[in-house]
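Report on the following structure.
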Amino acid sequence: MSGWRWPAFLVVAACFVAQATSVWLDLGPRPGSTVAISPLARQGQALFRNHGCQSCHALYGMGGFLGPDLTNAARRVPPGRYAQLLQEGAGPMPAYRLSADERAALWAYLQAVDATGQGTPVAPPGDAGPVFATAVQRWRIHGGELPDDAAAGARVVATGPCGACHRSFAVDPLMRAPDLSLALAHLDERQVRHVLADGRGTMPPMALDARQTGQVLAFLRWLAANRDELAPQRPATPTTLPWFAYPATNDRDNPVSESRQ
């Protein structure tokens, strides 16, 4: 680098280091911006900070980006899954092995944060109807064909219990069930077979024989290979972008949507 590039690089690097340090230490003005929480929730807040959760997770969109935003985690994650994640870890998240009292305190803190309102964008709802049935229909209308095993797997997914929790091209907002069209981006086929046979978290084992399991895997492979063409296309305009709508912060049972013109 030469000339003005070195000073510009150093300024950007200094800004990044300052921001990272502020996030890690949880610095910032407090007066006038705090919310009263219970003593148990305050213990959970201390645990959140002492374990460095903010280095990977965000609250209200501020913090780390390696893990999901936890602003509304208390409404999304079932308590059983929450305890499992803390005790066993998941992906890059390590196992913390917290005591029952510590888990209760951290859960109280997440509930207190969640109670302040919607802090993260509302995800698109995905296709309606049986899981991925509309996507398969769109594919066939445009002249596409499915391999026989993938078509059989599509029928197993659409007519089985998957639709109780999973949505097409979307994460279920209540059960937090993942988008199955991205399953093979996060798990290999051996892991998918294990989840189908033994369950995982709140998902129970599926009563599938070896042939049906192979068909579901063939369908998931087909979904992953053609996801861009299969996913519903939603035109984005300044008045329709989903992250411009938030429930009212003081009345979660009566959300008020706002649009920026």
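The values are calculated or read from the model by the stated rules, or taken from the named source; none is laboratory data. Owing to the predicted nature of the structure, the values given are computational and were not obtained by experimental measurement. Glycine also receives a Cβ, built like all others from the backbone with ideal geometry; neighbour counts cover every protein chain displayed.
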Out of all the residues in region 125-137, which are surrounded by 17 or more Cβ atoms within 10 Å (Cβ to Cβ) and under 12 Å from Leu230 (Cβ atoms)? Gly126, Asp127, Phe132, Ala133, Thr134, Ala135, Val136
Before we move on, is Ala105 touching a Gly at 6+ places or on another chain (Cβ under 7 Å) and touching a residue at least 60 places away in the same chain (Cβ under 8 Å)? yes
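With the condition being over 17 Å from the mean Cα position of the chain (by Cα), I'd like the helices (runs of 4 or more DSSP H) fully within region 71-119 carrying at least 1 qualifying residues.
Answer list for region 71-119: 79-88, 100-114.
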Failed item in (1) in contact (Cβ under 8 Å) with a residue 60 or more places away in the chain; (2) within 30 Å of Ala151 (Cα to Cα), with Pro130 passing the rest: (1)
Meets criteria (among the basic types (Lys, Arg), out of contact with any strand residue (DSSP E or B) (no Cβ under 6 Å at 6 or more places or on another chain) and modelled with pLDDT under 90) for Arg103: no
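Residue by residue, here is whether (1) surrounded by fewer than 17 Cβ atoms within 10 Å (Cβ to Cβ); (2) without any contact (Cβ under 8 Å) to a residue 40 or more places away in the chain; (3) not assigned by TED's automatic domain parsing to the domain that holds Leu217 holds:
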residue: Ile141; (1), (2), (3): yes, yes, no
residue: Glu145; (1), (2), (3): yes, yes, no
residue: Gly153; (1), (2), (3): no, no, no
residue: Ala158; (1), (2), (3): no, yes, no
residue: Asp179; (1), (2), (3): no, no, no
residue: Glu189; (1), (2), (3): yes, yes, no
residue: Arg193; (1), (2), (3): no, yes, no
So which pairs qualify, if the first residue must be in region 65-87 and touching a residue at least 60 places away in the same chain (Cβ under 8 Å) and in the same structural domain as His51 (by TED's automatic domain parsing), the second must be of a type outside the set (A, V, I, L, M) and surrounded by fewer than 16 Cβ atoms within 10 Å (Cβ to Cβ), the Cβ gap must be under 7 Å, and the two must be at least 6 apart or on different chains? Pro78/Thr202; Gly80/Thr202; Arg81/Thr202
Note on region 140-193: residues farther than 20 Å from Asp69 by Cα, small (Gly, Ala, Ser) and in a loop (DSSP other than H, G, I, E, B) are Gly143, Gly144, Gly160
